[in-house]
Amino acid sequence: MSIEIEEITNKFEELSLTEINDIKDYLISHNIPLFRLDKEKGIVEFSTEQLSLILDNPKYANLKLYVPKNFKVFIKEFKTIKENEKSNLPNSNYVFKTPKECEEELDRRIKEIGKMTYQDKISIIETYNRELKEVKVDEKTKINRNTAQQIVNAGNDVGLIAKVTMFESMKKIKDNEITQDQAKIENQEITETTSSLVTTIVNMLSYNTGTQKIFTELKNYSDGGVMAHSNRVFISYVNFLTFYNNLIKRRHLVYNIRTVYEKVYKKFYDKVVETIGGKYKIYDNLKTVEDCIDQGIKSVEEQEMYSYSVGALLHDVGKVKDLDYFEGADGRDYERIKKHLFNSYKLVSQTSEYPLEVILTVALHHEYYGLGYGPYEKLHNMKTEKYQGFQIQRIMSYNAKAIDDCEAFAYFPAKMLEIIDVYDALMDPARKYRGGKTFTPEEALNIMREDFIEKQVKLDPILYDVFVEFLSNSIEKDLMSAKLD
Ligand SMILES: [Fe+2]
Ligand SMILES: [Fe+2]
């Protein structure tokens with residue numbers, strides 16, 4: 001029986017009958033899978049329909065039921081709703097959904113958007129944009145929960161509209177009904193209104209850096225669906241970028257990094273050079289931050305910030321129904337990562353006229369310093385065919401053109417996106433990474449540090465440390481010990 005006990009504690013959460021009794025209506029209506037321990041068969045499914053039979057029966061008073069750990073978040077939610085009811089506190093009007101319900105709703109919404117005319121889609125995006133522009137946000141007036149919810153809704157819908165439209169255009173291109181150029185012209189207005197809405201959201205979020213907390217509290221910000229993931233990544237990304245820019249302005253970030261570069265970061269960049277050195281010829285005398293990063297650590301310009309953020313919103317646009325993959329430590333999902341990455345890249349670059357900054361942010365978000373996947377290798381091969389003895393000059397650059405020309409190896413906004421993306425995957429209760437386990441912020445950071453930087457340098461070490469500060473700041477918890485040393 002020992003295997004089962006270990007399996008249970010790894011994968012399941014125990015629920016007492018009192019707890020179950022309190023939230024039984026929700027367990028039934030949301031079809032939450034329950035399990036019980038059978039002496040012979042081990043852990044077996046327990047139908048929620050049987051609940052009413054056991055709950056009032058003293059014979060079963062000691063029965064223990066279990067719920068899979070990735071459903072823990074729902075249990076917590078149901079309990080909160082119940083407690084609020086008891087104390088007459090208002091509940092948010094958001095109806096909590098299981099991953100299956102999310103998927104069904106997503107299907108329904110995709111069908112709905114599929115039936116819309118082009119003008120309908122434009123007017124939805126424009127309405128969001130107009131409504132958000134009317135909200136007063138400045139240094140003094142912080143974003144409140146309602147506005148945060150509005151931003152989440154806008155991000156979800158505009159992401160979904162982009163997705164549906166791009167898939168439709170891609171189909172027409174494949175069926176030889178239109179060319180790529182014609183698709184780009186057809187979708188021009190959607191591309192423009194989407195970019196304009198993203199600009200509005202970036203401007204709102206960049207007024208105050210403390211907004212991440214409000215978003216984290218929003219319940220449907222975390223419903224497990226692929227759109228929720230993209231949207232969460234998008235909003236966290238804008239907040240992270242804003243934090244980074246402010247840190248440069250206010251707190252001598254550049255000076256601090258220069259000071260500790262040799263002691264803390266150099267070894268990781270040397271390792272990157274060593275890892276990719278077999279494949280690429282790269283400048284390897286990395287004595288200063290400026291030798292690694294073209295122009296060193298610097299703030300991001302407004303216009304670039306808009307483009308990077310559009311890239312973050314669209315980064316997984318080619319992901320269809322697979323909800324549980326990202327670049328895991330064991331690489332078991334490589335084939336699927338490859339597919340969704342190239343799908344997203346193709347959709348963004350072939351059906352719409354987005355700037356190079358957007359395209360490369362999407363295209364390079366799984367490169368992991370040469371240990372992941374992406375189109376960089378192909379770009380590079382084209383370059384070396386043309387110029388013999390060609391050498392990559394910098395590890396990282398802010399300049400899209402420099403990446404396109406392979407003068408630098410990694411693209412700053414894509415390296416930032418990788419960090420947010422991995423963190424989100426680790427924190428998402430609906431993903432099944434490492435046996436259905438979800439992590440606390442500390443645990444997630446430790447995994448990122450150990451598996452994604454110390455063992456193999458996949459994430460950028462400097463940006464990782466900035467992220468630790470960002471997270472400490474946004475969840476108001478001291479996580480600084482997770483920094484590199
Ligand atoms: Fe991805
Ligand atoms: Fe992603």
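The values are calculated or read from the model by the stated rules, or taken from the named source; none is laboratory data. Keep in mind that what you see is a predicted model, and the values were worked out from it rather than measured. Here the Cβ positions follow ideal geometry from the backbone for every residue, glycine too, while neighbour counts run over all protein chains shown.
Here are the numbers:
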| item | result |
| --- | --- |
| Some residue of the range 97-112 being part of a helix (DSSP H, G or I), farther than 30 Å from PRO33 by Cα and modelled with pLDDT of 90 or more | no |
| Top-ranked residue of the range 404-422 - restricted to ones that are touching a residue at least 60 places away in the same chain (Cβ under 8 Å) and aromatic (Phe, Trp, Tyr), ranked as farthest from ligand 2 (Cβ to nearest atom) | PHE409 |
| The range 52-88, subset farther than 13 Å from ILE23 by Cα, among the polar types (S, T, N, Q) and at pLDDT 75 or above, residue surrounded by the fewest Cβ atoms within 10 Å (Cβ to Cβ) | ASN62 |
| The range 201-235 - residue that is in a loop (DSSP other than H, G, I, E, B) and either crowded, with 20+ Cβ neighbours inside 10 Å or modelled with pLDDT of 80 or more (or both) and, of those, farthest from ligand 2 (Cβ to nearest atom) | TYR207 |
| Some residue of the range 258-271 being within 26 Å of the chain's Cα centre (by Cα) and farther than 25 Å from ASN473 by Cα | yes |
| Scan of the range 454-475 for residues that are in a loop (DSSP other than H, G, I, E, B), crowded, with 19+ Cβ neighbours inside 10 Å and without any contact (Cβ under 8 Å) to a residue 60 or more places away in the chain, ordered by number | none |
| Qualifying residue in the range 304-314 (condition: assigned to a helix (DSSP H, G or I), among the acidic types (Asp, Glu), surrounded by 15 or more Cβ atoms within 10 Å (Cβ to Cβ) and more than 16 Å from ligand 1 (Cβ to nearest atom)) | yes |
| Lone unmet requirement of (1) touching a Leu at 6+ places or on another chain (Cβ under 9 Å); (2) at pLDDT 95 or above; (3) farther than 23 Å from ILE143 by Cβ for ILE173 | (1) |
| Filtered residue count, the range 378-430, keeping only those that are in a loop (DSSP other than H, G, I, E, B) and modelled with pLDDT of 90 or more | 7 |
| The range 280-303: number of residues that are in a helix (DSSP H, G or I) and more than 20 Å from TYR265 (Cβ to Cβ) | 2 |
| Contacts under 7 angstrom Cβ, first residue in the range 297-316 being not assigned by TED's automatic domain parsing to the domain that holds PHE412, partner within 12 Å of ligand 2 (Cβ to nearest atom) and modelled with pLDDT under 95, 6 or more apart | none |
| Residue check, VAL362 within 13 Å of ligand 2 (Cβ to nearest atom), crowded, with 21+ Cβ neighbours inside 10 Å and modelled with pLDDT of 95 or more | yes |
| Filter pass, LYS39 being at pLDDT 75 or above and touching an Asp or Glu at 6+ places or on another chain (Cβ under 6 Å) | no |
| Some residue of the range 239-257 being within 17 Å of SER309 (Cβ to Cβ), within 16 Å of ligand 2 (Cβ to nearest atom) and surrounded by 16 or more Cβ atoms within 10 Å (Cβ to Cβ) | yes |
